[in-house]
Amino acid sequence: MKTIRILLVFLCFQTASYAQRDVSFAYETWWGVMTSTQISNRLAIWNDAHFVNDLFFIYRTGLTFHNLSDNLVTTVGYGYLRLGDPFSEGRLRRSEHRPWMQTVYRVPSSQPLSTSFRFRYDARFIQDLGSESLVDEFSFNNRWRFNNALRYNFGELISPNTRFATAFLNESLFRTGPGTSGFRYEHRTHLLGQLTKANFTYSLGYVMRYIPLNAETIRINHGPVFWLSINLNAMKNRKIQTFEEFPSDHSH
């Protein structure tokens, strides 16, 4: 843990803009379950749930469209969140409604190393905070997310019918709109090892979230990531073309 913090401080202070800021750290553990149920040659139903201790729980669902070459993937959906708040003593009580859409472009590649680019838009309706408690009103803001994923597929490195891959994700998130909730800017980096057997992918890794709280303070949230991804086929009795879903395409 101490080594990770030293590395984070070193990275933050590489530029002069960081040199005058205070840096604080917060430890978190990120759990996630993701499912994709293919219902036709081009369509799938997406569901996922993520939990981070004391911070949030989110459930999302959506409809995903894959183009003919499976390198352009678009999803439209809705998410519901329970968030922590200053009055909750660690309980997740604050509500958020989040319609969302995203498009992923997978750069065509026949090599083990591949890359993809993702744009996501979140329309965030977040329950307001009063001076001493939550109130029944909601504020609105936009969140714009830009993600790049690098994936290296080692193939059946461990055993037959078991594939191993690594993924390195970088994502920048920007907030606009009239609402005051949420950070104006956040940057996330994930490093994951992924083991795929049959329809199951097990992802284990580490996340670092860089969050400028104000002009003087930076907070870095970091901790382990545990994700389970399940690819399903709702039309097993029909001959349909299957397509791939990657955890990095839909990560929270």
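The values are calculated or read from the model by the stated rules, or taken from the named source; none is laboratory data. The model shown is predicted, which means the values in this text are computed figures rather than measured ones. Ideal geometry is used to build each Cβ from the backbone, glycine not excepted, and the neighbour counts take in all protein chains shown. Note: areas computed on protein heavy atoms with side chains; ligands, DNA, RNA excluded. Shrake-Rupley method; radii C 1.70, N 1.55, O 1.52, S 1.80 Å.
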Measure off, as a whole percent, the carbon and sulfur share of the 1.4 Å-probe accessible area of segment 167-250, all protein chains present. 59 percent
Show me, for segment 56-71, the HN-Hα J-couplings you get by feeding each phi into the Karplus relation (A = 6.51, B = -1.76, C = 1.60, θ = phi - 60°), rounded to Hz, glycine and proline as x. 6, 10, 10, 10, 10, 9, x, 10, 10, 10, 10, 6, 4, 8, 6, 10
Which entry is the computed percent of Cα pairs over 29 Å apart for this structure: (i) 38; (ii) 34; (iii) 28? (ii)
Under a 1.4 angstrom probe, counting protein chains only, how are I126, I39 ranked by accessible area, largest first? I39, I126
Rounded accessible area per residue of the chain, 1.4 Å, Å²: 52 Å²
For segment 153-246, restrict the atom set to alpha-carbon positions and state the Rg and Dmax in Å. 18.5, 60
Among F168, F117, F25, what's the order by accessible area (1.4 angstrom probe), most exposed first? F117, F168, F25
222 nm mean residue ellipticity, helices alone, for the chain (DSSP H n ≥ 4; -39,500 (n - 2.57); rounded to 500): -2000 deg cm²/dmol
What do you reckon, how do Y152, Y202 stack up by accessible area (1.4 Å probe), largest on top? Y202, Y152
Most mobile listed residue (Q111, Q194, Q102) in the chain, GNM with C-alpha springs under 10 Å: Q111
Just how large is the dipole of the chain about the Cα centre, in debye to the nearest 20, putting +1 at every Lys and Arg Cβ and -1 at every Asp and Glu Cβ? 640 debye
